[in-house]
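Student: Submitted below is the structure of interest, expressed as structure tokens.
The values are calculated or read from the model by the stated rules, or taken from the named source; none is laboratory data. In this text the structure is predicted, and so the values were computed from the model without any measurement. When we count neighbours, we look across all protein chains shown, and the Cβ atoms used for this are built from the backbone with ideal geometry, even at glycine.
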Amino acid sequence: MLNEAIYIYIGIIVFLISVFFIYKKQRNNSQTSLLLETNGVFKHNKANGITIILSGIFLIGLFIFIGFKDPDATLNGLLVGLVLGTLFGLIGTGFLLFNFKAFFYIDNGHIKGKYHYFGKINCNIGDVAFTLGRNQTLIIQLKDGKTYTIMGIENAWQLASIIRQNMPFEVAEQPETLIEELNKLKSSKKKGLVYVCSGVALMFIIIFVTVFLTGEREMHEFSNIDWTIFAIMSVIELATVITTFYFAGKTGKNNIPIEKLQYDIQRRIIETQPTLPGFVIAVYTDENYTVRITLFGYPHDSAVYYSVQEFASDYTLFRTYTSDVYDSQDELPVDFETLIDITDKVLH
């Protein structure tokens, strides 16, 4: 009976491993670039989930095998193996279900998607106040303050760029006002980081102080005074941990507002700062508002050239490049159609 159970267990393991390698082979041979650029490409890492589940099955089988073969094995040991194996299985299942059947698309000014386990987004691009793509994470903040954080999306940067190209911009404050707000947020973030670092350091100090006050004795050797000291220091340690996590969360919440303010400042400066001298035909910028490209021409002549301006550390624009003169716009090496035309906003 035992031998039959072992053979069945080994057969199940071999079958699951075979399925795993077949899946990996098909995944490597499949095309992953079939989605349009306005669709989200989600990273669904089934390999990790299957590997963890297989580890859990192996762990359960191993403890069952030990339970049959080792006469000294206890029920508690068998239960530990079953619990650990089940835990591995649940974690692996979590990996498999994360972003399962997830989708994200932008169509006719509308954003719709399903992500993670139960996350959903359904809004218009006109409702978006700010968006950011980084590290396979797309962050979308609406005008009402609601924020969507979509993880595991491989083309997050491209999607954020598309949204930025089409979302409205309603910030009317002067750049100086926005810069003042940004400096306040950065100062608050620095203070928060100081509090967090101080809290972490204090945690270790409390531990060392507790060990010193209890005479470096083991817990089973504690006297009543030692237990009193230990209880008091434990409460202080818990309060320190809670306070540190509070400031860490509060500090982390400043990241997106800082990114948004930096974007708003650059956009306002690009749209409001006077252009370089010359006969301006058009003004362009990228979706992130990091550069301003001004197209110049000559009265009664088709010849053109362009200049590129970028930001200095103090948010002032300076010229970084001026092109040669071309006989017409058709000969320009830059594809201006991929940029945002802000001529009306700059030359109003």
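Student: Let me spell it out: the conditions are (1) buried (at least 19 other Cβ atoms within 10 Å of the Cβ); (2) without any contact (Cβ under 8 Å) to a residue 40 or more places away in the chain; (3) closer than 30 Å to Ser55 by Cα; (4) not hydroxyl-bearing (Ser, Thr, Tyr), and Gly133 meets all of them except one. Which number is the exception?
Tutor: Tallying (1) buried (at least 19 other Cβ atoms within 10 Å of the Cβ); (2) without any contact (Cβ under 8 Å) to a residue 40 or more places away in the chain; (3) closer than 30 Å to Ser55 by Cα; (4) not hydroxyl-bearing (Ser, Thr, Tyr), Gly133 fails exactly one: (3).
Student: Shifting gears a bit: Among the residues of region 303-314, is there at least one that is outside the structural domain of Gly133 (by TED's automatic domain parsing), out of contact with any Leu (no Cβ under 9 Å at 6 or more places or on another chain) and under 30 Å from Tyr195 (Cβ atoms)?
Tutor: Yes, some residue in region 303-314 is outside the structural domain of Gly133 (by TED's automatic domain parsing), out of contact with any Leu (no Cβ under 9 Å at 6 or more places or on another chain) and under 30 Å from Tyr195 (Cβ atoms).
Student: If you don't mind, another one. Answer yes or no: is there a residue in region 222-240 that is surrounded by 12 or more Cβ atoms within 10 Å (Cβ to Cβ), under 28 Å from Lys143 (Cα atoms) and of a type in the set (Phe, Trp, Tyr).
Tutor: Scanning region 222-240 turns up no residue that is surrounded by 12 or more Cβ atoms within 10 Å (Cβ to Cβ), under 28 Å from Lys143 (Cα atoms) and of a type in the set (Phe, Trp, Tyr).
Student: Of these, Met167, Met219, which one is modelled with pLDDT under 90 and surrounded by fewer than 16 Cβ atoms within 10 Å (Cβ to Cβ)?
Tutor: Answer to the check: Met219.
Student: Taking Ile281, is it surrounded by 14 or more Cβ atoms within 10 Å (Cβ to Cβ), aliphatic (A, V, I, L, M) and either under 20 Å from Phe169 (Cα atoms) or modelled with pLDDT under 90 (or both)?
Tutor: The answer is no for Ile281.
Student: Scanning region 183-202 for residues that are within 11 Å of Lys250 (Cα to Cα) and aliphatic (A, V, I, L, M), which turns out surrounded by the fewest Cβ atoms within 10 Å (Cβ to Cβ)?
Tutor: Residue satisfying both the conditions and the ranking: Leu193.
Each row is one residue, and each column tells you yes or no for (1) among the small types (Gly, Ala, Ser); (2) within 28 Å of the chain's Cα centre (by Cα); (3) modelled with pLDDT of 90 or more.
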position	(1), (2), (3)
Ile206	no, no, yes
Thr214	no, no, no
Asn224	no, no, no
Met233	no, no, yes
Glu237	no, no, yes
Thr243	no, yes, yes
Asn254	no, yes, no
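Student: Another question about this same structure. Across region 250-290, what is the number of residues that are within 18 Å of Met167 (Cβ to Cβ) and of a type in the set (Ser, Thr, Tyr)?
Tutor: 5
Student: Go through region 161-180 and give me each residue that's within 14 Å of Gln266 (Cα to Cα) and either touching a residue at least 60 places away in the same chain (Cβ under 8 Å) or part of a helix (DSSP H, G or I) (or both).
Tutor: Of everything in region 161-180, those that are within 14 Å of Gln266 (Cα to Cα) and either touching a residue at least 60 places away in the same chain (Cβ under 8 Å) or part of a helix (DSSP H, G or I) (or both) turn out to be Arg164, Phe169, Val171, Glu173, Gln174, Pro175, Glu176, Thr177, Leu178, Ile179, Glu180.
For (1) under 30 Å from Phe247 (Cα atoms); (2) outside any helix (DSSP H, G or I); (3) touching a residue at least 24 places away in the same chain (Cβ under 8 Å); (4) not assigned by TED's automatic domain parsing to the domain that holds Thr251, each residue gets a yes or a no:
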| residue | (1), (2), (3), (4) |
| --- | --- |
| Lys191 | yes, no, no, no |
| Ile206 | yes, no, yes, no |
| Arg217 | no, yes, no, no |
| His220 | no, no, no, no |
| Ile232 | yes, no, no, no |
